[in-house]
Each structure stands twice: as structure tokens, then as C-alpha cells.
1. I'm trying to understand the selection: among the residues of segment 75-113, which are of a type in the set (D, E, K, R) and part of a helix (DSSP H, G or I)?
2. Among 106, 126, which is within 13 Å of ligand 1 (Cβ to nearest atom) and either β-branched (Val, Ile, Thr) or over 17 Å from the mean Cα position of the chain (by Cα) (or both)?
3. State yes or no: is residue 56 of a type outside the set (Ser, Thr, Tyr), out of contact with any Ser or Thr (no Cβ under 6 Å at 6 or more places or on another chain) and surrounded by 19 or more Cβ atoms within 10 Å (Cβ to Cβ)?
4. Out of everything in segment 214-250 that is in contact with a strand residue (DSSP E or B) (Cβ under 8 Å, 6 or more places away or on another chain) and acidic (Asp, Glu), what residue ends up being nearest to residue 103 (Cα to Cα)?
5. If you take the residues in segment 129-138 that are within 13 Å of ligand 2 (Cβ to nearest atom) and either in a strand (DSSP E or B) or without any contact (Cβ under 8 Å) to a residue 12 or more places away in the chain (or both), which one is farthest from residue 70 (Cα to Cα)?
6. Inspect segment 242-251 for any residue being under 17 Å from the mean Cα position of the chain (by Cα), more than 23 Å from residue 95 (Cβ to Cβ) and either away from ligand 1 (no atom under 16 Å from the Cβ) or in contact (Cβ under 8 Å) with a residue 60 or more places away in the chain (or both) and give the result as yes or no.
7. Looking at segment 204-217, is at least one residue buried (at least 20 other Cβ atoms within 10 Å of the Cβ), within 16 Å of ligand 2 (Cβ to nearest atom) and under 30 Å from residue 14 (Cβ atoms)?
8. Could you pull out the residue among 262, 275, 224 that is surrounded by fewer than 17 Cβ atoms within 10 Å (Cβ to Cβ), within 30 Å of residue 39 (Cβ to Cβ) and of a type outside the set (A, V, I, L, M)?
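The values are calculated or read from the model by the stated rules, or taken from the named source; none is laboratory data. Quick caveat, the model's predicted, so the values are computed rather than measured. A quick note on method: Cβ atoms are made from the backbone with ideal geometry, for glycine too, and the neighbour counts reach across all protein chains shown.
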Amino acid sequence: MTAIDTIRTQDWQAIFSDDEKSLAIGGLESGNVVLLPELAFSLADNEEFILRDPILSPKRKNISYNSLTQQLGGVADDYCNNDTLKAFMARYAKAAQQLVCALLPRYCDSLEIGRTSYRPAEIAGRASSPRKDDTRLHVDAFPSSPVAGKRILRVFCNINPWHQPRVWHLGESFRQVADRFMPLISRPMSLQTGLMKLLHITKGKRTPYDHYMLHIHDKMKCDETYQENVGKQRAEFLPGSTWMVYTDLVSHAALSGSHLLEQTFYVPVSAMQNEALTPLRQLEAMCHRPLV
Ligand code: SIN
Ligand code: FE
């Protein structure tokens, strides 16, 4: 059972007690979800169109924002340089970063800011290939973005305007996932990893760690029997709530809902309170060798 640790605040710039900080870091690193059920992200009057207008490009699943370049992606033509939308995404990125720094101060200095994402479309009933289908249980790993062991920490906020929850499944522990799927994955070929970087298939070098995580991700999603029979629990995240998860560690699936904000952070393993719990160290212990 994935535990949900609850912390109450309504303020993105809150100051947290030592007990709250230690609950959050301990919980996240051991594979819990940290839920802030009263932490809503409000929209100003001039931002309301973000909830109602067709701002998503027809073929895309989400709108993305890159804080470094201030570029939007996935936006319908009429909105592709919309300053209000940009400012909104930037505001969420900043709020999420302030929250992580306040609640998880240990990570603050080494935090790498990833993409900000807004997912206005309903996810239930959307057609996609098994590998891209996030309604199937998986741990996060992306073919084009190798992380070389860095953690994927995500801050989600449901801004659905019609009281609809974001419905997730939470699956078995990473240990159980790895025990089940690692024996089915063949060792990476060293030539292959360098070559993919050279050919610009990957943004950095695909390390053995990335190889195993990607294959675990794919094997989980493509195994129909596993998806049907594995122990899972349903979690409903209501509008007006925020939650944080290490999505590389926690087996998760998103079943339904729309209008979700998400900020990705990459955290080095060296910043962890307990390195042994990371996917990197767990897989290394199984393989008896370094994977990055
Ligand atoms: C995912 O990370 O698999 C999707 C989460 C969501 O969109 O709710
Ligand atoms: Fe995911």
C-alpha cells in the first residue's frame, strides 16, 4: 500500500515545522505521496480563459513551458505566444519551486528545474499506444531524456473547474516492480548508448540505469496480465489540492481527470536523505555493479 502523507497549508510560501519537513522528505523518499489537500492554485480573472478556451494544440496531450527559454509548447496556433499563458505557467513553476525549497530544504540548492506542464484535456478514453498510455501502471522513464540516476520529483496541482478529481492508481513498491521485471531485461550494449547520443536520439548519454528504467517502464505498461492483476489502490486528488511524488519510484497510473498542472524537478541522488531507497541504488544492489 502506498501511503499518503498529508500536510495542511493554503499558502505556496508557507513556512513548515520541522515535523512537517521530516514527514515530507521521509515519506517521499520511501515512496509515499505527499498531499497538500488545501493548497490550491488560483487563477486571476484575466487567466480564466486558460480553463475554458481551446488553447491546447489538437494533436497534443499537454502544454509545456520551459522556464529557462520561456518557450511554450503544445499550444494551439492562436495562443502560441500568449503572454498571459506564459506568465501563468511561470507563476506555477515558481510557486512549486518555493514549495519544494520550503518543505524539502535539503534539496533546494541542487534542484534542477524541468518542464512545467498543463494538462487541460480529459485523459479517460484517450487512444494511445501501450507505451505512451499513462492510464497503465508505470514508473516514469522517458526515451529522449536520460536522467543518469537523477530523481524525478513532480509537483501536481488539480485546477479542474468542475469539481472533478484526478483519479490515479498506485501500484506495488519499486522493490516488487524491480524484482518482477529486472530478470526479463537484457544488459545494455555499451556501444548503443554512446551511439544514440551521437545520433541525437537522446539528449544526454543513455546510461545503464536509463536502459533498465526505460525497459521496466515499457514492460510494465505492455504486460496486460500484470496491469489487470497486480495489487493497486485508487487515489482521488480533488480540485484545489496539490501533491508531490517521486514518479521514478512510485508505480502510478492516471485514469481520469482534466486541468492538471505539473512541475518536474530533477534531484541528484547525492542530495537524498537515504540514498539506499533510490531506484538507482536499488537497481545497483540487484545488478552488483554501478549503473551510471
Ligand atoms: C503520469 O505521470 O503518468 C501522469 C500523471 C497525470 O497526468 O495525472
Ligand atoms: Fe507517469
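1. Let us first name the residues in segment 75-113 that are of a type in the set (D, E, K, R), namely 77-78, 83, 86, 91, 94, 106, 109, 112.
Selection gives 77, 78, 83, 86, 91, 94, 106.
2. It is 126.
3. So residue 56 fails the test.
4. Among them, the one singled out is 248.
5. Initially, segment 129-138 is screened for residues within 13 Å of ligand 2 (Cβ to nearest atom), giving 131-138.
Imposing the further condition that a residue be either in a strand (DSSP E or B) or without any contact (Cβ under 8 Å) to a residue 12 or more places away in the chain (or both) reduces the set to 132, 138.
Values: 132: 26, 138: 30 Å.
Across segment 129-138, the extreme among qualifying residues is 138.
6. Within segment 242-251, one or more residues are under 17 Å from the mean Cα position of the chain (by Cα), more than 23 Å from residue 95 (Cβ to Cβ) and either away from ligand 1 (no atom under 16 Å from the Cβ) or in contact (Cβ under 8 Å) with a residue 60 or more places away in the chain (or both).
7. Taking every residue of segment 204-217 in turn, none turns out to be buried (at least 20 other Cβ atoms within 10 Å of the Cβ), within 16 Å of ligand 2 (Cβ to nearest atom) and under 30 Å from residue 14 (Cβ atoms).
8. Going through 262, 275, 224 in turn, just one is surrounded by fewer than 17 Cβ atoms within 10 Å (Cβ to Cβ), within 30 Å of residue 39 (Cβ to Cβ) and of a type outside the set (A, V, I, L, M): 275.
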